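This is the structure I have questions about; it appears just below.
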Amino acid sequence: MNLGTVGTGWITASFIEAAKLSGELNLTAVYSRTEDKAKELAHTYNAAHYFTDLDEMAKSSEIQAVYIASPNSVHFEQALTFLKNKKHVICEKPIFSNPAELEKAYQTAEENGVYLFEAIRNIHTPNFRILKEKLHMAGNLRSTMLPYIQYSSRYDLFLRGENPNIFSSTFSGGALVDLGVYPLYLAVGLFGEPKKVSYHPVILSSGIDGSGTLVLEYQDFICTILCSKISHSVMPCEIHGERGTFVLGDAAPISEIKFIDSHTKESEILSVTQEDKDMVYECINIAKIIETNDDNQYENLKNMSKIVLRITEEARKQNNIVFGVER
């Protein structure tokens with residue numbers, strides 16, 4: 001399947017490399033607003049075509065699918081442009097700014113006979129499947145702690161008075177939608193939709209959350225998600241049950257899964273070694289869904305994206321975090 005990309009950052013390069021490794025997606029075209037950047041990216045990865053006009057790229061017969069990794073606030077309009085031109089869209093997380101955009105985009109995809117995916121790497125990995133299959137080993141779940149706390153170098157720019165996209169309400173930024181979505185997807189993928197959500201953020205002068213604690217209430221346990229782009233932590237993720245505890249090296253990638261028995265205190269490693277370029281798994285799964293018209297798996301992914309976006313919107317509303325596209 002011929003692939004086009006939108007965006008020239010490191011995440012785009014990572015996806016291109018993973019796509020090549022998958023053997024399922026062939027990079028054919030790249031887009032940048034700047035011709036020099038578009039040319040450079042096309043040259044680096046041997047793409048036959050480059051574009052500086054998004055509408056022209058969307059009309060091209062040279063691509064069947066596009067990966068979008070532009071600033072969060074423009075995901076929606078760019079996705080619609082490609083969907084209306086019957087291109088499958090893989091949009092980097094967070095897929096859109098709110099559920100209304102998501103519903104409109106899914107409707108547009110259906111009307112044009114194409115698929116729309118949120119690029120979220122951790123739920124496609126072998127270790128996520130292992131964790132889900134082995135979750136019963138812990139018995140009745142009682143608590144979960146899922147941190148993703150990673151200091152961003154762009155916070156230094158913010159402190160110097162600049163306005164990086166990820167710390168800007170204009171560009172739909174913030175710690176929860178940028179980093180918190182990884183553990184949030186992990187929680188939704190394992191436990192489903194919570195009964196209640198509450199978010200307790202540190203609000204920066206730009207009006208968005210630099211860090212925060214998201215509490216998800218389930219039937220018999222609480223899941224606590226910690227996210228931050230203004231501090232750093234090496235805490236592992238833990239899932240606590242009456243019979244044992246799962247310890248994860250990280251929410252993304254899920255590099256290691258250790259199970260510790262509550263009674264014997266013996267531990268067992270359940271994880272397998274994964275590709276360093278772990279985006280390869282989402283490339284393979286997405287390509288397979290498209291090629292086989294696997295609507296059951298597609299609906300499952302759609303449902304997770306809807307739940308995650310409903311949760312992040314509720315969390316923002318509780319704290320009057322308003323994105324520019326919503327004003």
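Identify all residues within segment 160-191 that are part of a loop (DSSP other than H, G, I, E, B) and touching a residue at least 24 places away in the same chain (Cβ under 8 Å); write none if there are none.
ASN163, SER168, SER169, THR170, PHE171, SER172, GLY173, GLY174
Determine which member of the set LEU157, LEU146, LEU102 is under 30 Å from SER206 (Cα atoms), free of Cβ contacts under 8 Å to residues at least 12 places away in the same chain, out of contact with any Ser or Thr (no Cβ under 6 Å at 6 or more places or on another chain) and of a type in the set (A, V, I, L, M, F, W, C).
After applying the criteria, what remains is LEU157.
Let me ask something additional. For segment 24-40, name all the residues that are in contact (Cβ under 8 Å) with a residue 60 or more places away in the chain and either open to solvent by 20 Å² or more (accessible area, probe 1.4 Å) or on the phi > 0 side of the Ramachandran plot (or both).
GLU24
Also: If we scan segment 196-213, do we find a residue that is part of a strand (DSSP E or B), of a type in the set (A, V, I, L, M, F, W, C) and surrounded by fewer than 16 Cβ atoms within 10 Å (Cβ to Cβ)?
Within segment 196-213 (the criterion being part of a strand (DSSP E or B), of a type in the set (A, V, I, L, M, F, W, C) and surrounded by fewer than 16 Cβ atoms within 10 Å (Cβ to Cβ)), the answer is yes, since at least one residue qualifies.
Among the residues in segment 256-276, are any touching a residue at least 12 places away in the same chain (Cβ under 8 Å) and within 30 Å of ALA65 (Cα to Cα)?
Within segment 256-276, one or more residues are touching a residue at least 12 places away in the same chain (Cβ under 8 Å) and within 30 Å of ALA65 (Cα to Cα).
Please specify each residue of segment 219-235 satisfying the condition of being surrounded by fewer than 17 Cβ atoms within 10 Å (Cβ to Cβ) and either touching a Pro at 6+ places or on another chain (Cβ under 6 Å) or free of Cβ contacts under 8 Å to residues at least 40 places away in the same chain (or both).
GLN219, SER233, VAL234, MET235
Further question: Yes or no: segment 258-273 includes at least one residue that is within 19 Å of ARG129 (Cβ to Cβ), surrounded by 14 or more Cβ atoms within 10 Å (Cβ to Cβ) and within 21 Å of the chain's Cα centre (by Cα).
no
Being assigned to a loop (DSSP other than H, G, I, E, B) and either hydrophobic (A, V, I, L, M, F, W, C) or within 13 Å of ASN85 (Cβ to Cβ) (or both) is the filter; apply it to segment 101-119 and report the residue that is most open to solvent (accessible area, probe 1.4 Å).
Restricting to residues being assigned to a loop (DSSP other than H, G, I, E, B) and either hydrophobic (A, V, I, L, M, F, W, C) or within 13 Å of ASN85 (Cβ to Cβ) (or both), the top hit is GLY113.
Oh, and also: Could you look through segment 120-164, keep only residues that are crowded, with 20+ Cβ neighbours inside 10 Å and β-branched (Val, Ile, Thr), and pick out the one that is farthest from VAL272 (Cα to Cα)?
THR144
Let me ask another. With the requirement that a residue be open to solvent by 20 Å² or more (accessible area, probe 1.4 Å), among the β-branched types (Val, Ile, Thr) and under 19 Å from VAL188 (Cα atoms), what does segment 284-327 give you?
Correct list: empty.
Listed here are the residues, each with its yes/no results for (1) surrounded by fewer than 21 Cβ atoms within 10 Å (Cβ to Cβ); (2) touching a residue at least 40 places away in the same chain (Cβ under 8 Å).
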{"residue": "ALA42", "(1), (2)": "no, no"}
{"residue": "LEU54", "(1), (2)": "yes, yes"}
{"residue": "MET57", "(1), (2)": "no, yes"}
{"residue": "ILE63", "(1), (2)": "no, yes"}
{"residue": "SER73", "(1), (2)": "yes, yes"}
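Could you tell me which of the residues ASN122, ASN127, ASN163 is over 20 Å from GLU313 (Cα atoms) and modelled with pLDDT under 95?
Just a single option satisfies the conditions, and that option is ASN163.
Would you check which residues across segment 236-255 are of a type in the set (Gly, Ala, Ser) and either touching a strand residue (DSSP E or B) at 6+ places or on another chain (Cβ under 6 Å) or buried (at least 19 other Cβ atoms within 10 Å of the Cβ) (or both) and list them?
GLY241, GLY244, ALA251, ALA252
The values are calculated or read from the model by the stated rules, or taken from the named source; none is laboratory data. Being a predicted model, the structure only gives us computed values, none of them experimental. Backbone-built Cβ (ideal geometry, glycine too); neighbour counts: all protein chains shown. The area values use the complete protein model at the heavy-atom level, side chains included, leaving out ligands, DNA and RNA. Shrake-Rupley method; radii C 1.70, N 1.55, O 1.52, S 1.80 Å.
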